[in-house]
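**Q** If you scroll down you'll find the structure; I have some questions about it.
The values are calculated or read from the model by the stated rules, or taken from the named source; none is laboratory data. None of the values given here were measured: they were computed from a predicted structure. All Cβ positions, glycine included, derive from the backbone under ideal geometry; neighbour counts span all protein chains shown. The area values use the complete protein model at the heavy-atom level, side chains included, leaving out ligands, DNA and RNA. Shrake-Rupley method; radii C 1.70, N 1.55, O 1.52, S 1.80 Å.
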Amino acid sequence: MKDNKVRIFDTTLRDGEQSPGATMNVEEKVMVARQLAKLGVDIIEAGFAFSSPGDFESVRRIALEVEGPVVCSLARAKAADINAAWNALKGAPKPRIHTFISTSDIHLKYQFKLTRQEAKRRAVEMVAYARGYVKDVEFSPMDASRSEVEYLCEVIEAVIAAGATTVNIPDTVGYALPHAFGALIKGIKDNVPNIAKAVISVHCHNDLGLAVANSLSAVIAGARQVECAINGIGERAGNTSLEEIVMILRTRKDALGFDTHIVTEQIYPASRLVSSVTGMMVQPNKAIVGDNAFAHESGIHQDGLLKEKTTYEIMTPESVGISRSTLVLGKHSGRHAFKIRLGELGYALEGDNLDKAFGRFKLLADKKKEVFDEDIEAIVQDEVLRVEIPDRFKLVRLYVSGGTDESPTAQVVMEVDGSEIKETGAGDGPIDAAYKTIAKITGTKSKLLKYSVNAITGGTDAQGEVTVRLQEGEHVVLGQGAHTDIIVASAKAYINALNRLEYKRKIKRENLV
Ligand code: MN
């Protein structure tokens, strides 16, 4: 029987989180994992359990709480990593351990100081070791696309013999070309004698913009698992974009003949959710999920569409979960309508969390005529998702004055480690004054790399959403704040970023790698 099902392995929570600035807290990761389960991904790579207590906890929580997909943890080919992966995963009905070691001479010689034979032996030993815990073991020869093919095949054969059930071929540095990468997969299929005992997977990076093309070429050549991330986030230029590979397979099934288990209507909610929790905006012209992906501007195109949609539309926005619903949320909207809209944005809130968010929504709806999707996202960000980052710094009160003839000053009261501190300061503008005063209180040495403000909804009564990017040493963080007063939103964003910096430093201290 021909196997035409392509397994979707989502690494948004692992490789995706390695995008600079995309750190998610445990609550955010659990929320994303729930949406990935609704989306129907086959495998969720929930983290790298050994790398930090936060990652361990995320894997553990997702293993326990998220039903449906296989839950996977990454682990280097080391016993301590594999032990941590298993300890985090053991609550999962379907656990997978994903272990890896480099096979390229470049990595072995300069980074790991291992010979080929040593690397192969470690791979085999650690796959067997992981099999002692779970039946489902994935092995990745890191930098496979730059490894010598004969040696690569030898390693793959040996790890399958040791019990690997999936072998993943990474294009770690995004160097491969589609025809060559497809040929590599075909070569592995043709030359590894026991290859039929494992699923071939690929993991491509987008440094040359070819991650999706390389993955597709690999599928055509025989790969049956694609590792990908929502919105294509990941190290550097990112990973294969889940929404693109899935919609290619679906839209061009006529030519390709493959299927996935993805519930495509959940793609847009997943994209929105990941974008709002990571603070990484989706570019407007991004395929499938960008704001303009279904916007037709040309008169000729509009004319065609009005006569018959298929003239210019190869897939419908509804098929990826972009609703054309015009339901307006406002102060008369009830809990049910609010909950449905949350679901469309990727948030499956229940109980307490739903109550908290709904309470804030009602407060906002009293101030604004119409509450937009972005407002709702900002509410969930503030009320539900930030709980896991211990807020060392809290804004208690803020007062700024300024204007055409007055030099701007700010008065800020903050809570720092539980006690209140009051300061005043001046600046070039009201936001500068507020920021300088907050910096004085917190003693931060961070540098503001970027400040951007979005009137996230139209009208002068809009909620403003402020995003800042801060750097301190090796850490770069994003902070967000939303409020109808732009200066308050700015202060909240700055303080949020400062809390994230504290959090990153804490994770770094606890980090054992
Ligand atoms: Mn990667």
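**Q** Condition first: farther than 22 Å from D190 by Cβ and not charged (D, E, K, R). Can you find one or more residues in the range 143-156 that meet it?
**A** No, the conditions are met nowhere in the range 143-156.
**Q** Test A180 against the criterion of being assigned by TED's automatic domain parsing to the domain that holds C72 and either open to solvent by 30 Å² or more (accessible area, probe 1.4 Å) or touching an Asp or Glu at 6+ places or on another chain (Cβ under 7 Å) (or both), and give yes or no.
**A** Yes; evaluated as a whole, the condition is true for this residue.
**Q** Go through (1) touching a strand residue (DSSP E or B) at 6+ places or on another chain (Cβ under 8 Å); (2) at pLDDT 95 or above and name the single condition F112 misses.
**A** The failed condition is (2).
**Q** Kindly indicate which of V155, V219, V212 is farther than 27 Å from G346 by Cβ and in contact (Cβ under 8 Å) with a residue 24 or more places away in the chain.
**A** Every option except V155 fails the conditions.
**Q** For the subset of the range 333-358 comprising residues that are among the charged types (D, E, K, R) and part of a helix (DSSP H, G or I), which member is surrounded by the fewest Cβ atoms within 10 Å (Cβ to Cβ)?
**A** Filtering the range 333-358 for residues that are among the charged types (D, E, K, R) and part of a helix (DSSP H, G or I), the one surrounded by the fewest Cβ atoms within 10 Å (Cβ to Cβ) comes out as D352.
**Q** Take the range 179-218 and flag every residue that is under 19 Å from E235 (Cα atoms), part of a helix (DSSP H, G or I) and either away from the ligand (no atom under 16 Å from the Cβ) or touching a Gly at 6+ places or on another chain (Cβ under 9 Å) (or both).
**A** A211, V212, A213, N214
Residues checked against (1) open to solvent by less than 10 Å² (accessible area, probe 1.4 Å); (2) among the hydrophobic types (A, V, I, L, M, F, W, C):
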| site | (1), (2) |
| --- | --- |
| G209 | no, no |
| S215 | yes, no |
| G234 | yes, no |
| S241 | yes, no |
| R250 | no, no |
| I267 | yes, yes |
| M280 | no, yes |
| I288 | no, yes |
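**Q** Then there's this: Hey, among I262, I245, I322, which residue is open to solvent by 30 Å² or more (accessible area, probe 1.4 Å) and either within 16 Å of the ligand (Cβ to nearest atom) or hydrophobic (A, V, I, L, M, F, W, C) (or both)?
**A** Exactly one residue qualifies, and that residue is I322.
**Q** Within the group V159, V155, V173, which residue is among the β-branched types (V, I, T) and either open to solvent by 10 Å² or more (accessible area, probe 1.4 Å) or part of a strand (DSSP E or B) (or both)?
**A** Answer to the selection: V173.
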